[in-house]
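Before any comments, here is the structure.
The values are calculated or read from the model by the stated rules, or taken from the named source; none is laboratory data. Model, not experiment: these values are computed from the prediction. A quick note on method: Cβ atoms are made from the backbone with ideal geometry, for glycine too, and the neighbour counts reach across all protein chains shown. Areas reflect the complete protein model, heavy atoms only, side chains present, ligands, DNA and RNA absent. Shrake-Rupley method; radii C 1.70, N 1.55, O 1.52, S 1.80 Å.
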Amino acid sequence: MSVRPLLLVTLLSLNLAAETRLETASRLLTSGRPAEARAVLEDVLRSNPANVEALELLGRVHLREREPKKARESAKRILELDPKRASAHCLVAMAASSEIGDANVFRKMSLSGEIRSSFAKALELDPRNRTAREGLFQFYRQAPSVAGGGLDKAGALAEESVQADPALGHAMKARLHAARKETGKALAEYLLSVASEPPYVPALNEVGYLELELKQPDAALGHFRRQVELAPANANAHDSLGDGLMVKGLLDEAIAAYREAARLDPGFAAAVFHLGQALERKGRIGEAVEQYRKAAGMSPSDPQVRQAKERLSTLGLS
C-alpha cells in the first residue's frame, strides 16, 4: 500500500474513533453520568482541541454540573472556530441564565442583554432551533421591559412560532393564557401542542400539571407517562410522573419514579425531597429522613431544600 492511502485510512480511523467517543459521551450525559462524559470529552479534546462537537458537549456537561463559567468558556472557544454555530450561541445564553440568579443588580442587566442577544442570534442563524426559540420566548415572558423583555414580545413570538413550529408555538400560547389565568384557553392550546408532530415534550409536562389542577389525574398521568416514553433520560420527566402517581395514591410506583429521577440527576433536590415524601406516606420514616437530609444539604437556591429542612424540624430532627 502506498503512503497516501495508508495516511487516508489512518485519518478515517481516527475520525471514526472520535465520533464513537462523542456518541459515548452523549449517552453518558443523557443517562445522568456527567463526570464520566467529561472524562471522555477531555480525552477527545486532548487529541483534537478544535473539535467543536466535543466542546459543545463539554459545555452541556458543565451546565449539568452547575458550572456556567466553564460552559461559557467552551462556548467562546466554539464561536472562535465557528461563529455561525447557532447551538453555541444558545450555550452562551444558557450559561448566562445559570449565572443570573447569584449576580448583583448591575451584572444581572449585563447577563440579561447577553441572554436576549445570544438566543436571538441563534434563532436568526437557525429558525428551526427549538432551544433558541424557546429560550427567547422565556426571556421575553420573564424579563422586565427595561431589560428588553415584555409579554407583547412574547405574544408576537408565540404567534409567529405557530407557523414555524406548531407544537412549540401552541405551547407558548398556552403558557401566556395560563399566566393570565385563562385556564380553558391554556388547556386547548396545550392539547394542540401535544397532538402536533414532531411532539414538543415539555408541553406534556405542563399540560399534565394543568390537568392535575383541574382534578383530571388520569389525563395528567397519561401525559406524564408519554413524556417518560419520549424522554426516558430526563430526570424531570420521571419526577413529574412520580407526582402524578402520588395524586393517584400509587405510592410504590411513585417511589420508583422519584428514585429514577434522583439517579439520573443526583443534584435534583425536588426529586430527592419528593422521594422522601413518598417514603414517609408509605410509613418508611427512616428512609424518608435519609432523603430529607440529603435534600437539605443541596443548593440553598432550591425551594425543596427549605421544605426538607422544615420537614425534618417537624419530625423533631435537625
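The table that follows gives values for the structure above.
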| quantity | calculated |
| --- | --- |
| Enumeration of residues in region 243-257 that are over 16 Å from residue 202 (Cα atoms) and in a helix (DSSP H, G or I) | 245, 246, 247, 251, 252, 253, 254, 255, 256, 257 |
| Checking residue 146 against (1) in contact with a helix residue (DSSP H, G or I) (Cβ under 7 Å, 6 or more places away or on another chain); (2) loosely packed, with under 14 Cβ neighbours inside 10 Å, the condition it does not meet | (1) |
| Extreme residue, farthest from residue 126 (Cα to Cα), among residues of region 165-203 that are assigned to a helix (DSSP H, G or I), basic (Lys, Arg) and open to solvent by 30 Å² or more (accessible area, probe 1.4 Å) | 185 |
| Within region 114-129, tally of residues that are open to solvent by 60 Å² or more (accessible area, probe 1.4 Å), under 20 Å from residue 159 (Cβ atoms) and either of a type in the set (Lys, Arg) or in contact with a Leu (Cβ under 8 Å, 6 or more places away or on another chain) (or both) | 2 |
| Breaking point among (1) open to solvent by less than 20 Å² (accessible area, probe 1.4 Å); (2) farther than 22 Å from residue 243 by Cα, for residue 134 | (1) |
| Members of region 64-112 that are in contact (Cβ under 8 Å) with a residue 40 or more places away in the chain, open to solvent by less than 50 Å² (accessible area, probe 1.4 Å) and among the small types (Gly, Ala, Ser) | 86, 87, 93 |
| Selection within region 204-242 - in a helix (DSSP H, G or I) and of a type in the set (A, V, I, L, M) | 204, 207, 210, 212, 219, 220, 221, 228, 230, 235, 237, 241 |
| Residues (over 21 Å from residue 117 (Cβ atoms) and either within 23 Å of the chain's Cα centre (by Cα) or buried (at least 23 other Cβ atoms within 10 Å of the Cβ) (or both)) located in region 149-164 | 162 |
| Criterion (in contact (Cβ under 8 Å) with a residue 12 or more places away in the chain and within 22 Å of the chain's Cα centre (by Cα)) met by exactly one of 302, 252 | 302 |
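Rundown of residues vs (1) part of a helix (DSSP H, G or I); (2) open to solvent by less than 50 Å² (accessible area, probe 1.4 Å); (3) acidic (Asp, Glu), yes/no style:
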residue: 259; (1), (2), (3): yes, no, no
residue: 262; (1), (2), (3): yes, yes, no
residue: 273; (1), (2), (3): yes, yes, no
residue: 276; (1), (2), (3): yes, yes, no
residue: 287; (1), (2), (3): yes, no, yes
residue: 292; (1), (2), (3): yes, yes, no
residue: 295; (1), (2), (3): yes, yes, no
residue: 300; (1), (2), (3): no, no, no
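One line per residue, one yes/no per condition, for (1) open to solvent by 60 Å² or more (accessible area, probe 1.4 Å); (2) of a type in the set (Phe, Trp, Tyr); (3) at pLDDT below 85:
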{"residue": "1", "(1), (2), (3)": "yes, no, yes"}
{"residue": "8", "(1), (2), (3)": "yes, no, yes"}
{"residue": "17", "(1), (2), (3)": "no, no, yes"}
{"residue": "34", "(1), (2), (3)": "no, no, no"}
{"residue": "57", "(1), (2), (3)": "no, no, no"}
